[in-house]
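Q: Provided herewith is a single structure, encoded as structure tokens, for subsequent inquiry.
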Amino acid sequence: MTDRIEIRRPDDWHLHVRDGAMLKATLPLSAGVFGRAIIMPNLKPPVRTLADLRDYRKRIAAALPAGSSFRPLMTLYLTEDTDAGDIRAGALSGELTAVKLYPAGATTNSDSGVRDLERVENVLEAMQDADVPLLVHGEVTDPDVDIFDREAVFIERVLDPLRRRYPALRVVLEHITTSEGAGYVMSNAGRLAATITPHHLMINRTDIFRGGIRPHLYCLPVAKREKHRLALRRAATSGADCFFLGTDSAPHPVHEKESDCGCAGVFCAPVAMACVAQVFDEEDALDRLEGFASRHGPAFYGLPVNDDTIWLERKSPEESAFRDVETEAKERVRVFRPDAGLHWSVADR
Ligand code: NCD
Ligand code: ZN
Ligand code: ZN
């Protein structure tokens, strides 16, 4: 039995670090393990322009622990007013790594997202020309579509037509939750890839209601049936380079999760690598963990792999337990905790 493994330092290809006190409290937990992360732009108000992006990058740099070599990879939030000139300039200067598409109303802070894709044609063309990837929250917002079907319907109604229209555009289907998502990405790999979260590899929709309603397991896209979780585990551990780690770590204050209308998002950053090591161990695929966490993402984004390594080790669940994180504003954030406990953790060295 392997008890300790060394892998190239991983990256997080989908991360929410928010702003202000929340940024200060949560960013160091990612920066201590990951080399780089794609920073999601769904602030209130969102990161819409190159000027917003530069300001946000400065605030992130200021929140990093002294001496940290963590690199934030910045994104813009696509709106119907996005300026194609910002895309070209950001791509040229290297400040812009990707652009995020939120269908308006699909998820947390997505109200400024896109209602009509025809209104962003010039932006998508500029992205295709400059080879800037489009990252998509892949759910339709049609209220008549059942919430558990929204990813599969999005692929059919939105993603597939979009990819046909812009065949050279690189696209990442973010945080996939279904066998349809995994299957579609696998059969269109090349300019299409997908991120997978630690929690979607560990929980199914029944877990959200195990013993009562569990608001801290609620995120979007919502976890699906067990057969989908198993399909995601097969995809992640397959070795296929179209699948890579994006934690979608999405911190919210406990009081906003535990409420009448609790918001969507699971805060998994502090345990993300422990979770994926555990999943790969359970699937007897620890030899493929480095591909998923550290190699496939940089290959898709055309970046080098990180040059140092981290160690992961088997531990008792008690030793790997994580307490709530508290911000300077005295807001608590609950860390994702699989019911069965965690048997892996990142080693100090
Ligand atoms: C994310 C958030 O809280 O910003 N929430 C979530 O449930 N995943 C938004 C997102 O990634 O869709
Ligand atoms: Zn999303
Ligand atoms: Zn997200």
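Q: Kindly write out, for region 202-216 in residue order, the coupling ³J(HN,Hα) from the Karplus curve 6.51 cos²θ - 1.76 cosθ + 1.60 (θ = phi - 60°), rounded to whole Hz, with x marking Gly and Pro.
A: My calculation for region 202-216 gives 10, 10, 10, 5, 5, 4, 5, 10, 6, x, x, 7, 10, x, 6 Hz in order.
Q: OK, next. Would you work out which of Trp344, Val254, Leu117 lies farthest towards the positive end of the dipole of the chain? Charges go on Cβ: Lys and Arg +1, Asp and Glu -1.
A: Most positive-ward Cα: Trp344.
Q: Same structure, new question: Could you work out how far the C-alpha centroid of region 18-83 sits from that of region 217-280, in angstrom?
A: For region 18-83 versus region 217-280, the Cα centre distance is 20 Å.
Q: Tell me, how many Å apart are the Cα centres for region 100-154 and for region 291-349?
A: Result: 29 Å between the Cα centres.
Q: Continuing with this model, one more query. With a sphere of radius 13 Å drawn around the Cβ of Ser30, what net charge do the other residues whose Cβ falls strictly inside it have (Lys, Arg +1; Asp, Glu -1)?
A: Local net charge: +2.
Q: Now, a different point. Name the long-range amide H neighbours of Ile38: under 5 Å, sequence gap of 5 or more, or other chain; modelled H, no Pro or chain starts.
A: Asp12, Trp13, His14, Leu15, Leu73
Q: Another question, then. Tell me whether the chain comes out rounded, prolate or oblate; compute the Cα gyration tensor, take square roots of the eigenvalues as a ≥ b ≥ c, and use a/c under 1.5 as the rounded threshold.
A: Working: a/c = 1.31, a/b = 1.25, b/c = 1.05.
It is rounded, given that a/c, with a ≥ b ≥ c, falls under 1.5.
Q: Something else: Could you run the Karplus curve 6.51 cos²θ - 1.76 cosθ + 1.60 with θ = phi - 60° over region 129-143 and give me ³J(HN,Hα) per residue in whole Hz, x for Gly and Pro?
A: Result, ordered by residue: 5, 8, 6, 9, x, 9, 9, 10, 7, x, 9, 6, 10, 4, x Hz.
Q: Calculate the dipole size of the chain relative to its Cα centre from +1 charges on Lys and Arg beta carbons and -1 charges on Asp and Glu beta carbons; express the result in debye to the nearest 20.
A: 360
Q: Work out the length of the dipole vector of region 1-52 about its Cα centre, built from +1 on the beta-carbon of each Lys and Arg and -1 on the beta-carbon of each Asp and Glu, and round it to the nearest 20 debye.
A: Here the size comes out at about 120 debye.
Q: What are the ³J(HN,Hα) values, in whole Hz, obtained from phi via the Karplus relation 6.51 cos²θ - 1.76 cosθ + 1.60 with θ = phi - 60°, for each residue of region 109-120 in sequence order, with x given for Gly and Pro?
A: 6, 10, 4, 8, x, 8, 9, 9, 4, 5, 7, 10
Q: When only Cα pairs under 8 Å and 6 or more residues apart are kept, what is the percent relative contact order across region 4-347?
A: On the way: 704 pairs, mean separation 66.6, N = 344.
Value for region 4-347: 19 percent.
Q: Under 12 Å from the Cβ of Cys268, count the other residues' Cβ atoms, weight Lys and Arg +1, Asp and Glu -1, and hand me the total.
A: In short, 0.
Q: Mind listing the long-range amide H neighbours of Phe267? Cut-off is under 5 Å, sequence gap 5 or more, other chains count too, H placed in the peptide plane at 1.01 Å from N.
A: The list, which skips near neighbours in sequence, is Ala250, Phe336.
Q: Moving on to the next point. Within a Cβ distance under 11 Å of Ala340, other residues only, what is the Lys/Arg minus Asp/Glu net charge? Mind showing how you got there, number by number?
A: On the way: positive: Arg337; negative: Asp207, Glu282, Asp339.
Computed value for this residue: -2.
Where a number appears in this text, it was derived from the coordinates with a stated rule and is not lab data. It should be emphasised that the depicted structure is a prediction, and the values quoted were computed from it without experimental measurement. As a convention, Cβ positions derive from the backbone with ideal geometry for all residues, glycine included, and neighbour counts pool all protein chains shown.
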